[in-house]
Ligand code: URP
Ligand code: ZN
Ligand code: ZN
């Protein structure tokens, strides 16, 4: 199949120019002005942006946790992602207690089989380094043998996913040897458990107490601990879902010293603040119960500054969708509200409208934050994350003037909640291609379940070599 995208404004992290993009098979074959080529499909992109398919490095599809499973499986999650202009994501594979890493990965590969429509890789979540679980030796083999080059550790959720500081540090030492990246969910799990017990003892069971028992300082403390330990171990560190100034500061300080520390925030932290957890009509507050929780509004301009100047390098989604029915389980006790919210379908909408259109970041910077940096940091660049000859033809033809109202009534995620419900944006994907195949055109889904591929990722910062295919 060949496709010619004509006359669009090609925007990468570095460039912005009008050109035709010619795709042959799965790759971009030619880029130039008024290309004289025949193609089986021609897309007129006049007045549109031609962007790299977005890359989301933080998602939880079909994730079983605390007795509930996130509602977007690899089909529904991928459909939602595709309509939002995301063509690649890296999902979290959880090592269950008593499981080897190989066993866990086999289960997660099974989840995507026959369902995937966009491409994805896996990070491994390390939960059990006991004799019954995974060994550090096995962990060391994952980058080369499985194409899994990032180890994720939870410093909180004492009931389920948390690892000890010793475990965290040992994994960091392994990462320093193997070229993997260490990712941390940074919150002080012990302090949170004490605060939760105090809140329950005082009869404080409403959703707001989810946030009040996880204050910004406990995120800041754990972030600093992870930063210092990673430096001692000599491992690169990526801090996920940075929500506030308290956790941003240790990252900024480390980067100023030249340490190998990176960080992301997520779309929701720019828009949803602590006051949303006080909206008790219809128990709506539960929709915004995720971790770290929504923060006081003063953090929002701080996070915009951080992504604008490069103190944070990525905006991800932490896509983790639950239904109203699942959220309602916590009506009398905030501890029972499943933590998480869906976001893959609207990241580009929200960041383009409120970031680019409203002048907080440039268009190039948006591409860098949503496409290029996640691909680079997680070993997929330049196969993914940019538009250049030889790269995978993951392309979004984006109409910067199209009006769109975000709502759960029309979104494609399986959840009946949209945390940006009713938001009106200008700018929306019109055509989405994944490896040269049109998977979304207007309101139509054209991808076949099972057509998405698993992406074996290179080690930290090692680029995958694109096979530069010369056009016939
Ligand atoms: O609330 C969230 N974020 N749920 C998913 C698990 C995590 O901490 O990322
Ligand atoms: Zn987390
Ligand atoms: Zn997460």
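The values are calculated or read from the model by the stated rules, or taken from the named source; none is laboratory data. Because the structure is a prediction, the values reported are computed rather than measured. Cβ coordinates were reconstructed from backbone atoms using ideal geometry, including for glycine residues, and neighbour counts include every protein chain displayed.
Kindly establish whether residue 374 is part of a helix (DSSP H, G or I), within 16 Å of ligand 3 (Cβ to nearest atom) and touching a residue at least 12 places away in the same chain (Cβ under 8 Å).
So residue 374 passes the test.
Hey, can you tell me all the residues within the stretch 176-210 that are closer than 30 Å to residue 231 by Cβ and within 16 Å of ligand 1 (Cβ to nearest atom)?
182, 183, 184, 185, 186, 187, 188, 189, 192, 193
Report, by residue number, each residue of the stretch 265-288 that is surrounded by fewer than 21 Cβ atoms within 10 Å (Cβ to Cβ) and assigned to a helix (DSSP H, G or I).
Correct list: 270, 274, 275, 276, 278, 281, 282, 283, 284.
Hey, can you tell me all the residues within the stretch 394-416 that are under 22 Å from the mean Cα position of the chain (by Cα) and within 19 Å of residue 364 (Cα to Cα)?
394, 395, 396, 397, 398
Among the residues of the stretch 269-294, how many are within 13 Å of ligand 2 (Cβ to nearest atom) and farther than 16 Å from residue 216 by Cα?
The qualifying residues number 0.
Which numbered condition trips up residue 463, out of (1) surrounded by fewer than 24 Cβ atoms within 10 Å (Cβ to Cβ); (2) assigned to a loop (DSSP other than H, G, I, E, B); (3) at pLDDT 95 or above?
Result: residue 463 passes all but (3).
If the requirement is being buried (at least 24 other Cβ atoms within 10 Å of the Cβ) and either touching a residue at least 24 places away in the same chain (Cβ under 8 Å) or in contact with a helix residue (DSSP H, G or I) (Cβ under 8 Å, 6 or more places away or on another chain) (or both), which of these qualifies: 178, 100, 87?
87
Can you go through 237, 229 and tell me which one is at pLDDT 95 or above, surrounded by fewer than 22 Cβ atoms within 10 Å (Cβ to Cβ) and touching a helix residue (DSSP H, G or I) at 6+ places or on another chain (Cβ under 6 Å)?
229
Can you say whether residue 183 is closer than 23 Å to residue 261 by Cα and touching a helix residue (DSSP H, G or I) at 6+ places or on another chain (Cβ under 8 Å), as far as the supplied structure shows?
For residue 183, the condition - closer than 23 Å to residue 261 by Cα and touching a helix residue (DSSP H, G or I) at 6+ places or on another chain (Cβ under 8 Å) - is not met.
Exactly one condition in (1) in contact (Cβ under 8 Å) with a residue 40 or more places away in the chain; (2) in a loop (DSSP other than H, G, I, E, B); (3) surrounded by fewer than 21 Cβ atoms within 10 Å (Cβ to Cβ); (4) away from ligand 1 (no atom under 13 Å from the Cβ) is not met by residue 291; state its number.
(4)
Looking at 213, 223, which one is within 16 Å of ligand 1 (Cβ to nearest atom), closer than 19 Å to residue 166 by Cα and in contact with a helix residue (DSSP H, G or I) (Cβ under 6 Å, 6 or more places away or on another chain)?
Criteria check complete, one pass: 223.
What number of residues in the stretch 14-48 are surrounded by 22 or more Cβ atoms within 10 Å (Cβ to Cβ) and touching a residue at least 60 places away in the same chain (Cβ under 8 Å)?
8
Which of the residues that make up the stretch 256-268 are out of contact with any strand residue (DSSP E or B) (no Cβ under 6 Å at 6 or more places or on another chain) and away from ligand 2 (no atom under 16 Å from the Cβ)?
256, 257, 258, 259, 260
Name the single residue, out of those in the stretch 335-355 being within 16 Å of ligand 3 (Cβ to nearest atom) and at negative phi, that is surrounded by the most Cβ atoms within 10 Å (Cβ to Cβ).
344
Whether any residue in the stretch 31-39 is under 14 Å from residue 319 (Cβ atoms), part of a strand (DSSP E or B) and in contact with a strand residue (DSSP E or B) (Cβ under 8 Å, 6 or more places away or on another chain) is what I want to check.
Scanning the stretch 31-39, I find no residue that is under 14 Å from residue 319 (Cβ atoms), part of a strand (DSSP E or B) and in contact with a strand residue (DSSP E or B) (Cβ under 8 Å, 6 or more places away or on another chain), so the answer is no.
Pick out, from the stretch 184-236, the helices (runs of 4 or more DSSP H) lying fully within it that include 3 or more residues that are touching a strand residue (DSSP E or B) at 6+ places or on another chain (Cβ under 9 Å).
Where helices (runs of 4 or more DSSP H) fall fully within the stretch 184-236 and carry at least 3 residues being touching a strand residue (DSSP E or B) at 6+ places or on another chain (Cβ under 9 Å), they are 216-233.
Could you tell me how many of the residues in the stretch 150-175 are within 16 Å of ligand 1 (Cβ to nearest atom) and either free of Cβ contacts under 8 Å to residues at least 12 places away in the same chain or outside any strand (DSSP E or B) (or both)?
Total meeting the criteria: 9.
For the stretch 297-337, how many residues meet the condition of being assigned to a loop (DSSP other than H, G, I, E, B), in contact with a helix residue (DSSP H, G or I) (Cβ under 6 Å, 6 or more places away or on another chain) and either within 16 Å of ligand 1 (Cβ to nearest atom) or free of Cβ contacts under 8 Å to residues at least 40 places away in the same chain (or both)?
4
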